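A short worksheet on the structure shown next.
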Amino acid sequence: MATHTGGLTGTEDRGTAGGQGTIEDGGTDRAATVRIGNLVRSFGVRRILDGLDLTIAPGEFVALLGRSGSGKSTLLRALARLDHDVAGSGELAAPDNLSVVFQDARLLPWKRVLDNVVLGLTGPDAEQRGRAALAEVGLEGRERAWPIELSGGEQQRVSLARSLVRDPELLLADEPFGALDALTRIRMHVLLRRLCERHRPAVLLVTHDVDEAIVLADRVVVLEQGRIAADLPVELPAPRRHGSSEYAALRDRLLAQLGVDLAEDGGQA
Amino acid sequence: MSTTLSDKQPPAARKQAAPAARPLARRHTRKRLAPGRPVPYGWALGALLLLGLWAAGSATGLIDARSLPAPWTIAVAAGDLIEDGRLQSNLATSAQRALLGLVIGVAGGLLFAMVSGLSRVGEALIDGPVQIKRAIPSLALIPLLILWFGIGETMKVVTIALGVFVPIYIHTHNGLRGIDNRYAELAETVRLSRPQFVRHVVLPGALPGFLLGMRFAVTAAWLALVVVEQVNATSGIGYMMELARTYGQIDIILVGLVVYGLLGLFSDALVRLVERRTLTWRRTLGD
Ligand SMILES: Nc1ncnc2c1ncn2[C@@H]1O[C@H](COP(=O)(O)OP(=O)(O)OP(=O)(O)O)[C@@H](O)[C@H]1O
Ligand SMILES: [Mg+2]
């Protein structure tokens, strides 16, 4: 855990104060994996995040929606501690053991697929784990390929394998499927869902796509004017498809929250 | 695409041509802008053609043997030189000079590039002076180097090393600076240590730049070698040529030129081979 400033203010904190983001099974009395309190991040005079609060429980899948420029990536980068030169304050607690999936697969072009997956891993079983992770994303047999030889979807699957082989407590993903075509995207949704069920990391997924958020997440939050403006649980039965009235209702609410005028535009994806 | 093509054919021809037209049509679909596959042994073709022209010119008497002897005259001269051992010993001396200068220059260039590429303080201290040094041709330093080191081997090796240093530094430094910051972010998120970062990201990322610098460096080494050997030397290929000039032995001068040329060609081919072996992950227009 890395706690930036001040004491913990999260109301759900009844467990290990400022301590490990341990995953405790069962029960309602869990330590949160992510705890953000009154977070501020500014570029120059512009406050992009302005007193943001957010808590994510272990194993919880949260989708983060928001208009372009609302600060989703800024929040994610703060959690990943990649915002070295950004001015800000607030409480930010996230496990050290986190993985990031970027919008671009971000594979090192000079390393073969397997070496990309196990990058930075140590231990004698690293290679074995890497192979297993590649098999999980359906890429066994491609261990020796160069990244340039893979399709966009395959590259993104390698990047998923690279994240999951570390068994992260927290998985941060910034529009990981944004560059993929619609069909590949659906396949990746199924894959991601399955992988998350098996590894149970807490997930924060940034997306532009309301349907993606509803299909994947346990909870959808909307970022607006530097804060979480809506926080909605997704309580839909397992195969979440368009068409059910609950689905449509949730979708409409989220779209309205994002400022899409449904009278004009009902079918926007 | 294939339909638009076959529509242009007359109706009678269309039916018959249909099966055969497919691969043809595909070949015509789009003109590739990249140069395409390399011609096998293409690099030798142009050289052989030139050699053929030269031989033909000499045989027919179109080329005056006093200004440019025939290829076979030069071959005979080379044979004589090899027989009495002069070519080998001079070549060995030259190669040793070039290699020593190359090794020192490459090591220095690499070291300075790494320091200035990996730390801002290093860059502030190193980059400026190197850019100034770059503005002064290494060969212009020879008078100064002679005063400092005399006219012995040290001066020669230092001159070559200085000529090698600059391209290695410039291109390696460029390669380092050109490494995408996104890879540094990735390295942070997978929690690489600094040595791991250097090993897995920085060095492979700078390798293409370094190898490019290496090709310039090899050329620079031979160039500096030629100059220092002709300025004042008592051994080496350049000395052999200087001596031949005073005796008017044009065939020996040409043997020297051919040897320099071959050395340059082979060393460049060597660097290119290393390039191809180590940069298999890249796909460029050249391959
Ligand atoms: N390094 C930076 N320097 C200055 N301003 C920045 C920087 N990074 C982001 N911003 C600004 O902060 C705001 C939020 O950016 P951010 O990337 O977080 O948006 P986003 O919600 O991820 O948008 P998108 O959905 O388009 O990716 C934008 O207005 C952007 O211009
Ligand atoms: Mg963004």
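No value in this document is a laboratory result; all are computed from the given coordinates. This one's a predicted model, so the numbers in the text were calculated from it and none came from an experiment. Positions of Cβ are backbone-derived with ideal geometry, glycine not excepted, and every protein chain shown enters the neighbour counts.
Nearest 500 deg cm²/dmol is fine: what mean residue ellipticity at 222 nm does chain B get from its DSSP H runs of n ≥ 4 alone, each adding -39,500 (n - 2.57), divided by its residue count?
-25500 deg cm²/dmol
Rounded to the nearest 20 debye, what is the charge dipole size of the protein assembly as shown about its Cα centre when +1 sits on each Lys and Arg Cβ and -1 on each Asp and Glu Cβ?
Roughly 1680 debye for the protein assembly as shown.
What GluC sites (Glu not before Pro) in segment A:207-236 are in a loop by DSSP, with at most 10 other Cβ atoms within 10 Å of the Cβ?
Answer by residue number: A:235.
Once the dipole of the protein assembly as shown is set up with Lys and Arg at +1 and Asp and Glu at -1 on Cβ about the Cα centre, which of A:183, A:207, A:248 lies farthest towards its positive end?
Value: A:183.
Membrane-span-like helices in chain B: DSSP H runs reaching 20 Å or more (Cα, own axis), mean Kyte hydropathy at least -1.0?
Within chain B the helices that satisfy the rule are B:11-28, B:42-60, B:86-118, B:120-135, B:153-177, B:203-231, B:250-278.
Relative contact order for chain A using alpha-carbon pairs under 8 Å, separation at least 6, rounded to a whole percent?
Averaging sequence separation for qualifying contacts and normalising by length gives 23 percent for chain A.
Using a 10 angstrom Cβ neighbour count of at most 12 plus a DSSP loop assignment to flag exposed trypsin sites (Lys or Arg not before Pro), which longest range of chain A is free of such sites?
By the stated rule (loop sites, at most 12 other Cβ atoms within 10 Å), A:15-143.
For segment B:70-286, what does the relative contact order come out to in percent, with C-alpha contacts under 8 Å and a separation of six or more?
Values: 227 pairs, mean separation 57.2, N = 217.
So the answer I get is 26 percent.
Of the residues A:123, A:69, A:141, which exhibits the maximal mean-square fluctuation in a Gaussian network model of chain A defined by a 10 Å Cα contact cut-off?
A:123
Could you pull out the longest piece of chain B with no exposed loop chymotrypsin sites (Phe, Trp or Tyr not before Pro) in it, calling a site exposed if DSSP puts it outside H, G, I, E, B and it has at most 14 other Cβ atoms within 10 Å?
Values: sites that count: B:41, B:247.
Answer - B:42-246.
Could you work out the helix-only [θ] at 222 nm for chain A, with each DSSP H run of four or more residues adding -39,500 (n - 2.57) and the total divided by the number of residues, to the nearest 500 deg cm²/dmol?
Details: 7 runs with 75 residues, N = 269.
It comes out at -8500 deg cm²/dmol, rounded to the nearest 500.
From other protein chains only, count the Cβ atoms within 10 Å of every residue's Cβ in A:117-127, then give the mean.
Partner Cβ neighbours, averaged per residue: 2.
Hey, can you grab everything whose amide H is under 5 Å from the amide H of residue A:145? Only 5+ residues off in sequence or another chain; H modelled, so Pro and N-termini drop out.
For residue A:145, the qualifying residues are A:113, A:114.
Identify the trypsin sites (Lys or Arg not before Pro) of segment B:187-287 meeting these criteria: DSSP loop state and at most 16 other C-beta atoms within 10 Å of the C-beta. Each step should come with its number before you reach the end.
Working: sites: B:191, B:199, B:215, B:245, B:272, B:276, B:277, B:282, B:283; in loops: B:191, B:282, B:283.
Sites meeting the loop and neighbour criteria: B:191, B:282, B:283.
Just to check I understand the Karplus step: with θ = phi - 60° and J = 6.51 cos²θ - 1.76 cosθ + 1.60, what whole-Hz values come out for segment A:213-223, glycine and proline as x?
Couplings: 4, 5, 5, 9, 8, 7, 8, 10, 10, 10, 8 Hz.
GNM on chain B, C-alpha springs below 10 Å: top fluctuator among B:33, B:53, B:45?
B:33
Taking amide H positions as placed 1.01 Å from N in the peptide plane, with prolines and chain starts having none, which residues 5 or more places from residue A:48, or on another chain, fall under 5 Å of its amide H?
It is A:41, A:42, A:43, by chain and number.
Would you pull out the residues with amide H under 5 Å of residue A:219's amide H, same chain only if 5 or more places away, H placed 1.01 Å from N?
Residues meeting the amide H criterion: A:61, A:63, A:234.
In segment B:88-229, with Lys and Arg counted as +1 and Asp and Glu as -1 at Cβ, which of these residues, B:148, B:193, B:207, has the Cα nearest the positive end of the dipole, that is, farthest along it?
Farthest towards the positive end: B:193.
From the Cα gyration tensor of chain B, with a ≥ b ≥ c the square roots of its eigenvalues, which class applies: rounded if a/c is under 1.5, or else prolate if a/b is larger than b/c, or else oblate? Don't skip to the end; give the middle numbers.
On the way: a/c = 3.22, a/b = 1.18, b/c = 2.74.
It comes out oblate by the Cα gyration axes.
At a threshold of 8 angstrom on Cα-Cα distance, excluding pairs fewer than six apart, so keeping six or more, what relative contact order does segment A:107-166 reach in percent?
On the way: 69 pairs, mean separation 29.4, N = 60.
RCO, segment A:107-166: 49 percent.
Is the shape of segment A:107-166 best called rounded, prolate or oblate, per the rule: a/c under 1.5 gives rounded, else a/b larger than b/c gives prolate, else oblate, with a ≥ b ≥ c the square roots of the Cα gyration tensor eigenvalues?
Note, shape of segment A:107-166 comes out prolate.
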